[in-house]
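Student: One structure follows; several queries about it will come next.
The values are calculated or read from the model by the stated rules, or taken from the named source; none is laboratory data. None of the values given here were measured: they were computed from a predicted structure. Glycine also receives a Cβ, built like all others from the backbone with ideal geometry; neighbour counts cover every protein chain displayed. Calculation scope for accessible area: heavy atoms of the full protein, side chains included, ligands and nucleic acids excluded. Shrake-Rupley method; radii C 1.70, N 1.55, O 1.52, S 1.80 Å.
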Amino acid sequence: MKNPAKEQKSQNGFKLKLDMRTLFIIVFAALFFMTILSASSGFQPLHGERAISEIIQDIKAKKIKKLERQGNTITAVYKDGKRFITTKESEDSLRKILQESKVDPDSVQVEVKSNTDTSMFDLLINIVPTIIIVGFLLFMFRQARGAQDSIFSFGQARSKRYTKKMSNMTFKDVAGVDEAKKELQEIVDFLKNPKKYQKLGARSPKGVILVGPSGTGKTLLAKAVAGESNVPFFSIAGSEFMEMLVGIGAARVRDLFSTAKKNAPAIIFIDEVDAIGRTRSVSAMPAHDEREQTLNQILVEMDGFAPNDKVIVIAATNRGDLLDSALLRPGRFDRRIIVDYPDLEGRKDILAIHANGKPFESSVSWERIARRTVGYSGADIENMLNEAAIMAARENRSKISMGDIEESATKVKLGPEKKRLQTDRDKNITAYHEGGHAIVTHFQTDMDPVHRISIVSRGMSLGHTLIPPSHDRLHHTKSQLLKMITSMLGGRAAEETVFNDITTGASNDFDQATAIAKAMVVDYGMSALGPINFGPHQDVLEWGRTFMQPNYLAETTMTKIDSEVSKIIDQCYKDALRLVKSHRKELDNVAAALMKHESLDEDEFKKVVGEKKSA
Ligand code: ADP
Ligand code: MG
Ligand code: ZN
């Protein structure tokens, strides 16, 4: 297969070379002529001017070797090499003058130098600097152009980059997104047998938009659709549309679509559609215009699809809320597919995909890893297993252990371990803080098990306690939410109980606890204020655009909300203090174990605190 991108590049290179060569030829030719001309008669020394009659005398006296005529200027070259200049009247010819002076015109050699010689010379003298300057400017311009990737070709040159790609991905390479796969299966089916649909008069799907957090497999799904239906795909990222000059985005869209149509059936994949126009470019160009133009061009192209164009546009974004509703109208991106974080079963399948080909110790429990990786995207999981493999390789082990996976799982989410210089007192406070979370969680009923506690600092945090949910919950009850808040406040409760003093380390806990408490009051109607939604709600305004409309609340209502939130927090904090005090012994043991081992896993923690008995 020919590679158009390469072709274009070499063509550009060739053109540039040609111009450079011409430039050099011009400059050298000019220098050459100047040298030649200056070496020839024009610049030979003159010995003065003489009247024409004198010269005629000298011709008669046979002192003159030859005459050179250039227009009306006559140079007499004497036999002794001297040169004298004279001028004649323009109406008289030299021959006539000689005849009238009784000199045989043939007795003297007359060399006629064409007039143009001088003018050529003058011309050259005049234009050479111009040529050099122009050439130099041209050269600079070319250089700049090379660097800027052809500013003046308005997306033309770049368009050739849309190389046809084939994908060898299939739906087997994607897991945990079964709904998305089911919907995309239709697209695959259409691309494979379009006739089946056309016979029934079904309008072909034009555009699919994949919405979901990053790393959940949107790009992967697009490739899988291309691979499954065995058609070429053309991909571009929204951020690539952002260029220096307004208008490039639109031109690119045009080229992209026409290239894809030529290769139909085909898939166009536009990644990060939300980025179109949202990035403020460095230039002073109004990014808004660019966005409008690019989006409009996409819409125009999609509207212009003939029923049998067999080109399907797949777009991906992680900001579904930012998309222009014009994009989502029927006949455009008429399908919107949510690609969310994988659930427990999904994570097991993704683990299986990426574990393939890596050697693991037999003690590795995939069930446990899947449970522990709540909130991990497919990309996180892939990253985790890769890190684990690196860890094992670094220590020259032939198999990846559970410990490697555990460590890399934490690293992927919380960042690498930080070897901070900490005093023992600092460490002790952290140990009691994390121990507080763990103890409060452990001794409440119906809570998920504490998976891991650590006082190794990573990223911004000094320690962490992981309590992943043991199954995916669709609902949270009010009592569960209260218990979660209590666990979050357990760290502070332990600090207060043990050190009779409090630290700044708990601010993140409070943020989370307050957020839950607020949601309980405002969104879920779980307070004395009753089942009223006080939160912002989506409102449909004119032109089909949706806005989040703040709920305008009376000041007294806001005061009531605030007091309900603090009631919840206060009650939970009291519970946390009570739990910490009644399990002080276990708390001390956990803190001591943490000081010794730095991290405890689920089993180690259970051994230290003993079996669960509720308070
Ligand atoms: P997105 O486009 O949603 O940001 P990608 O498709 O680029 O995510 O995912 C990055 C990588 O993470 C993929 O190449 C793949 O290895 C892995 N990955 C992500 N989601 C999944 C999934 N659902 N199943 C299997 N692998 C996945
Ligand atoms: Mg992507
Ligand atoms: Zn904490």
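Student: Taking only pairs six or more apart or across chains, which ones have beta-carbon atoms under 6 Å, a first residue in segment 210-223 that is part of a helix (DSSP H, G or I), and a second residue that is within 8 Å of ligand 2 (Cβ to nearest atom)?
Tutor: Lys218/Ala316
Student: Turning to a different aspect of this structure: How many residues are more than 16 Å from Ala431 (Cβ to Cβ), surrounded by fewer than 24 Cβ atoms within 10 Å (Cβ to Cβ) and not hydroxyl-bearing (Ser, Thr, Tyr) if we restrict to segment 489-508? Step through it out loud before you land on a result.
Tutor: Step one: of segment 489-508, the residues more than 16 Å from Ala431 (Cβ to Cβ) are 489, 500, 504, 507-508.
Narrowing the set further to residues that are surrounded by fewer than 24 Cβ atoms within 10 Å (Cβ to Cβ) leaves 500, 504, 507-508.
From what's left, not hydroxyl-bearing (Ser, Thr, Tyr): 500, 508.
Residues meeting the conditions: 2.
Student: Right, something else. Please determine, by comparing only the residues of segment 428-458 that are away from ligand 3 (no atom under 14 Å from the Cβ) and over 41 Å from the mean Cα position of the chain (by Cα), which one is most open to solvent (accessible area, probe 1.4 Å).
Tutor: Of everything passing the filter in segment 428-458, Asp446 is most open to solvent (accessible area, probe 1.4 Å).
Student: Within segment 391-417, track down each residue that is farther than 18 Å from Ile453 by Cβ, part of a helix (DSSP H, G or I) and free of Cβ contacts under 8 Å to residues at least 12 places away in the same chain.
Tutor: Ala393, Arg394
Student: Given (1) within 14 Å of ligand 1 (Cβ to nearest atom); (2) on the phi < 0 side of the Ramachandran plot, where does Lys195 come up short, assuming only one miss?
Tutor: (1)
Student: Being touching a strand residue (DSSP E or B) at 6+ places or on another chain (Cβ under 9 Å) and either within 16 Å of ligand 3 (Cβ to nearest atom) or among the hydroxyl-bearing types (Ser, Thr, Tyr) (or both) is the filter here, so list the residues in segment 202-215 that pass it. Full working, then the answer.
Tutor: If we filter segment 202-215 for residues that are touching a strand residue (DSSP E or B) at 6+ places or on another chain (Cβ under 9 Å), which is where we start, we get 204-212.
Within segment 202-215, Ser204 is the sole residue that qualifies.
Student: Filter segment 205-219 for residues that are more than 10 Å from ligand 2 (Cβ to nearest atom) and open to solvent by 20 Å² or more (accessible area, probe 1.4 Å) and give the result. Steps first, answer last, please.
Tutor: As a first pass, look at segment 205-219 and keep what is more than 10 Å from ligand 2 (Cβ to nearest atom): 205-209, 211, 213.
The answer is Lys206, Pro213.
Student: Could you tell me whether any residue of segment 71-80 is at pLDDT below 80 and either open to solvent by 40 Å² or more (accessible area, probe 1.4 Å) or part of a strand (DSSP E or B) (or both)?
Tutor: Step one: filter segment 71-80 for residues at pLDDT below 80, giving 71-72.
Remaining after also requiring either open to solvent by 40 Å² or more (accessible area, probe 1.4 Å) or part of a strand (DSSP E or B) (or both): 72.
Within segment 71-80 (the criterion being at pLDDT below 80 and either open to solvent by 40 Å² or more (accessible area, probe 1.4 Å) or part of a strand (DSSP E or B) (or both)), the answer is yes, since at least one residue qualifies.
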